[in-house]
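The values are calculated or read from the model by the stated rules, or taken from the named source; none is laboratory data. Keep in mind that what you see is a predicted model, and the values were worked out from it rather than measured. Cβ: placed from backbone, ideal geometry, glycine included. Neighbour counts: every protein chain shown. The protein model used for the area step is the full one, side chains on, heavy atoms only, and it has no ligands, DNA or RNA in it. Shrake-Rupley method; radii C 1.70, N 1.55, O 1.52, S 1.80 Å.
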Amino acid sequence: RQLGFDVYASDPENIELRADGVQILLEMDASDFPVGLAPHYRLRQRIERAIERTGAAPRGLIVINGQRLTPPPERAQQASAELLAAAETMRYGVVCATGLFDAVAARLAGDESAVAAYRLRLVGEVGLVG
């Protein structure tokens, strides 16, 4: 919400975001290691169900907190190579929780242009969202 999304979460297992006319299915995962394919499998099933219902594939986004026991500046790779390849193939975004934290900090500091630019990347970028 701090980044300008409408959040629909009547079921905490099926969170949806909406912004700029785009519906986004959201999955989240954390790991002591780089995050693997588990959130990809959940997101893929949700996308397939949406296609069955509506005939169109919604946008997908996975928020990860990889290497969660390591201080954020020292985290080498939060997403596994397999997760990033799946994101590229299925055309959805993967974003690190540390990036979201920075965007919310910008919002709280009043930097609306940075927040708007980040929201556009979340809505449109494929693979690892910088």
TODO: Would you pull out the residues with amide H under 5 Å of Ala30's amide H, same chain only if 5 or more places away, H placed 1.01 Å from N?
DONE: Asn65
Task: Separation in nanometres of the label points that stand 7 Å from Cα toward Cβ, at Ala117 and Ala56 - done: 2.9
Task: Surface per residue (accessible, 1.4 Å probe) for the range 83-130, Å² - done: 50
Open item on the list: Modelling each spin label as a point 7 Å along the Cα-to-Cβ direction, I'd like the Asp11/Glu125 distance in nm, to one decimal.
Closed with: 3.0
Open item on the list: Give me the one-decimal nm value for the distance between modelled label points at Ala81 and Leu37, 7 Å along each residue's Cα-to-Cβ direction.
Closed with: 1.4
Task: Surface share of carbon and sulfur [accessible, 1.4 angstrom probe, percent] for the chain - done: 54
Open item on the list: Could you work out [θ]222 nm for the chain from helices alone, using -39500 (n - 2.57) per DSSP H run of at least four and dividing by all its residues? Round to the nearest 500 deg cm²/dmol.
Closed with: -12500 deg cm²/dmol
TODO: Take every Cα-Cα distance within the chain, group them into 5 Å bins from 0 onward, and report for each bin the whole-number percent of pairs it holds.
DONE: 2, 11, 20, 23, 21, 15, 6, 2, 0
